Structure formats: structure tokens, C-alpha cells
Amino acid sequence: MKSPALEINRTALGDIRLVDDAAEPLGERQVRLRIDRFAITANNITYAVFGDALAYWSFFPTELPWGRVPAMGWAEVIESSQPDIEVGSRYYGWYPMAAQATIEAMPTADGFRDDGPHRQPHAPIYRAYTDTRHDALYDTADDGEDRHALLRGLFLTGFLAEEFFADPGDDRPPYFGAQQVIVLSASSKTAIGFAQRAQARGTAAVIGITSGRNTEFVDSLGFYDRVLTYDTLDDITDATTVSIDMAGDPAVLSAIHHRLGDRLAYSMTVGRSHHDAPTPSREPMPGPTPTMFFAPAEVSRRRQQWGAEEFGRLAADALARFVDGSRTWLRVEHRAGPEAVAAAWLDVYHGSIPPDVGIVATLDG
């Protein structure tokens, strides 16, 4: 029996192919899952862009030059040679864009982890699969799984990034003493999650930078104190500033640094939603060196700092509010079947999906 999967050319992300996986007999301690739904967002494009640097391609290896981009979603165990994992149990986690996945599973307190040899170098959060019966974040609403596939991982990145800024260090005040925080690619879901938290905290004014076509949407969210476009960066107020970059466009980031210089107290980079942006110049920019924010490392740090139980409680409360609020601004669009999923990847890759739409896909359809 074969099942479809979507593969991306690692050297040309707009080049894709559909393949059929053969269902090989399970090895010891393996489980086979039917993948019911997964999200395709600009975040998945970021995974592909950084696939080599951050080892995303090795989540689900395949023959070169092709790769399988990890996606957040839901799946049900349909075969199991792991005696502690039942057929019919359901899990949230990282899956390939495929109809099925076979994983070497090691049971954990709330689900299992991927224990395949190729997964050993990856952060624990990337290897974790959470059983819906033990999932403190699970949303039982009719559209809960769809919205969590789209928003859970992205919001938690925004949540953790905002907590990083808000947390006073040994030698700095909250938000590095900034009067404003600039959010690049303000229409992205991670940016929206960050902005919601930053505005609620009220430490610094939240300034969203977006394209002209998305200005009305970003402004309507009510999370940004001011919305500017990429061609009006000169209108940024002269004030002590921190920035968070979801876009990954070197020219825009450079313009921010040149505009603010030493008034930029911290420059955080998170994503690469503008995958077609030019390669960064090697010339140094004024102000601080941009620093990559890696959410899995921050999860580990916060669990140690707050305790696992308190971290889970805070994250669950914040996520529930964000997901519930998303019902006013985010419409879920389903794509089912191999051709529809392939088209969805290309739509997201080419930036043709409006910011108020989230794509949830399934290869079976």
C-alpha cells in the first residue's frame, strides 16, 4: 500500500514533486501514523530556507536533492510495534507533509518522542509528540485542531520572544530600556502573537512594519500602536528601540539599523518569510549585531527558570486567549489531496495567501 508525500527541491524551493511512499513492515518500537492535518505557513518556508543550517531537512530524510519540510499537525496511530503506544491514539507534533509517517517511538509522560538515530541531535521539543489525552494545550472546539496546527508553534515563539524582551537581565531593564519595539513582517502569525503580548504588557510602543497591501489588516488587529510600510521607514520615531525581524530581508533590516544606529538597543531575528530577499551584505551595520532567536533553547531555559508546571500553565493560558481571539481575524482554509497540497505550498511560497487566511492541508482527500 502506498501513500502520497510532498517533497521540495532543497536548492530551489519552488520546485516540488509528489511521491508515493511504500508502507514497509514496522521495525521494533516503531509506530505508523496517519497524518490527518498539518499547517502550511510562511514558517514552513523558513524551515526550508534554514533547512541545512538548522538541520530541518534531517527531520524526515529522503534522497537528495529533495527534502521533506516539517509541519505542525495531528496524526493517529494506525499500526504499532511499541507495546506502550496504542493504535487509535492521537498526537500533536512535527510531521512530514505526507499522508503517513513511521517513527521510532519512545514513550514519555505525555506521549512519545522520536528516537530515530537521525533525530538525536535535534532539540527535545522538536522530537516530542503529545497525546491528546494528556495535552494541557488541547482545544476541544470544532476548529481547535486546525487553529492549533496553524498557531500553536508560531504563537509560542512570539510568546517566548516577548518574554525575552520583558525579562530584566542582570545588567539591563525590561525591553533593554526601549520606548518602542519594531516588528518586521507585522502580518505574520508569529508577529501577531508577539504584538498581542507586547501591547498587553505596555512596556514599549509596538510599531508594525508591513507591505502596503497588508496595512489595513495589520492596523485592524488592534495590537500595533502604529503601522508603517517598508517604504516609510524614515517615519520611525527617533527613540530607544528594540526590533524583532520575522521577514529576514537584509535590505529592510539594514535600513532599520541605519535609521536608528545606536538608538537600536537590541536586534532580534526570528524568521525568513521573505525568502526571495537578496543575500545579506557582509558590510557591518550600525548598532547591535542581529541575534538569532531559537525558540527551543528558550523553552528549555524558561522551564528551568519557572519550573515545568508553571511554564505549561502560563503558555496554555496565553495560547488559549490567542487562539480564541484568532477567530475574529483568521479564516481556516482546507486543502485536501496531493495536487491541492502541492498548490498550497506554491501559494504560500509565492506569498499569494492573504494574512487573514490559514492553510490546513491533508494529503488524503
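Of all the listed residues (E24, E76, E28, E7), the sole one being open to solvent by 10 Å² or more (accessible area, probe 1.4 Å), modelled with pLDDT of 95 or more and either over 26 Å from P296 (Cα atoms) or not hydrophobic (A, V, I, L, M, F, W, C) (or both) is E76. Looking across region 10-21 at every residue that is β-branched (V, I, T) and open to solvent by less than 50 Å² (accessible area, probe 1.4 Å), the one that is farthest from A101 (Cα to Cα) is identified as I16. Residues in region 65-89 that are outside any strand (DSSP E or B) and touching a helix residue (DSSP H, G or I) at 6+ places or on another chain (Cβ under 9 Å): R68, V69, S89.
A single entry from V227, V270 fulfils the requirement of being under 18 Å from A191 (Cβ atoms), open to solvent by 20 Å² or more (accessible area, probe 1.4 Å) and modelled with pLDDT under 95: V270.
In region 39-64, the qualifying residues are those that are in contact with a helix residue (DSSP H, G or I) (Cβ under 7 Å, 6 or more places away or on another chain) and surrounded by fewer than 20 Cβ atoms within 10 Å (Cβ to Cβ), and the one that is nearest to V357 (Cα to Cα) is F50. Before we move on, is D36 part of a strand (DSSP E or B), of a type in the set (D, E, K, R) and either surrounded by fewer than 20 Cβ atoms within 10 Å (Cβ to Cβ) or within 25 Å of the chain's Cα centre (by Cα) (or both)? When the stated conditions are applied, D36 passes them. Taking region 339-365 as the range and being open to solvent by 40 Å² or more (accessible area, probe 1.4 Å), more than 19 Å from the chain's Cα centre (by Cα) and either of a type in the set (F, W, Y) or modelled with pLDDT of 95 or more (or both) as the test, the residues that pass are E339, A343. Scanning for something aliphatic (A, V, I, L, M), loosely packed, with under 14 Cβ neighbours inside 10 Å, touching a residue at least 24 places away in the same chain (Cβ under 8 Å) and assigned to a helix (DSSP H, G or I), does region 235-247 turn up at least one residue? No: region 235-247 contains no residue that is aliphatic (A, V, I, L, M), loosely packed, with under 14 Cβ neighbours inside 10 Å, touching a residue at least 24 places away in the same chain (Cβ under 8 Å) and assigned to a helix (DSSP H, G or I).
Selection of region 145-187 for residues being out of contact with any strand residue (DSSP E or B) (no Cβ under 9 Å at 6 or more places or on another chain) and touching a residue at least 60 places away in the same chain (Cβ under 8 Å) yields F155, L156, T157, F159, L160, E163. Selection of region 7-41 for residues being of a type in the set (A, V, I, L, M) and touching a Phe, Trp or Tyr at 6+ places or on another chain (Cβ under 9 Å) yields I8, L13, I16, V19, V31, L33, I35, I40. Restricting V270, V299, V332 to those that are under 24 Å from G193 (Cβ atoms) and in contact with a Ser or Thr (Cβ under 7 Å, 6 or more places away or on another chain) reduces the list to V270. Among residues of region 215-224 being of a type in the set (F, W, Y) and not in a helix (DSSP H, G or I), the one that is least open to solvent (accessible area, probe 1.4 Å) is Y224. Every condition in (1) β-branched (V, I, T); (2) surrounded by 15 or more Cβ atoms within 10 Å (Cβ to Cβ); (3) at pLDDT below 90 holds for V323 except the one numbered (3). Every test in (1) open to solvent by 30 Å² or more (accessible area, probe 1.4 Å); (2) over 26 Å from T237 (Cα atoms) is passed by R147 save one, and that test is (1). Of the residues making up region 86-105, those that are in contact with a Phe, Trp or Tyr (Cβ under 6 Å, 6 or more places away or on another chain) and either open to solvent by 30 Å² or more (accessible area, probe 1.4 Å) or farther than 22 Å from A344 by Cβ (or both) are Y91, A105.
The residues of region 286-313 that are among the aliphatic types (A, V, I, L, M) and within 19 Å of the chain's Cα centre (by Cα), listed by number, are M292, A295, A297, V299.
The values are calculated or read from the model by the stated rules, or taken from the named source; none is laboratory data. Bear in mind that the values here come from a model prediction, so they are computed numbers and not experimental data. Quick reminder, even Gly has a Cβ in these numbers, built from the backbone with ideal geometry, and neighbours come from all protein chains shown. Only protein heavy atoms, including side chains, enter the accessible area calculation; ligands, DNA and RNA are left aside. Shrake-Rupley method; radii C 1.70, N 1.55, O 1.52, S 1.80 Å.
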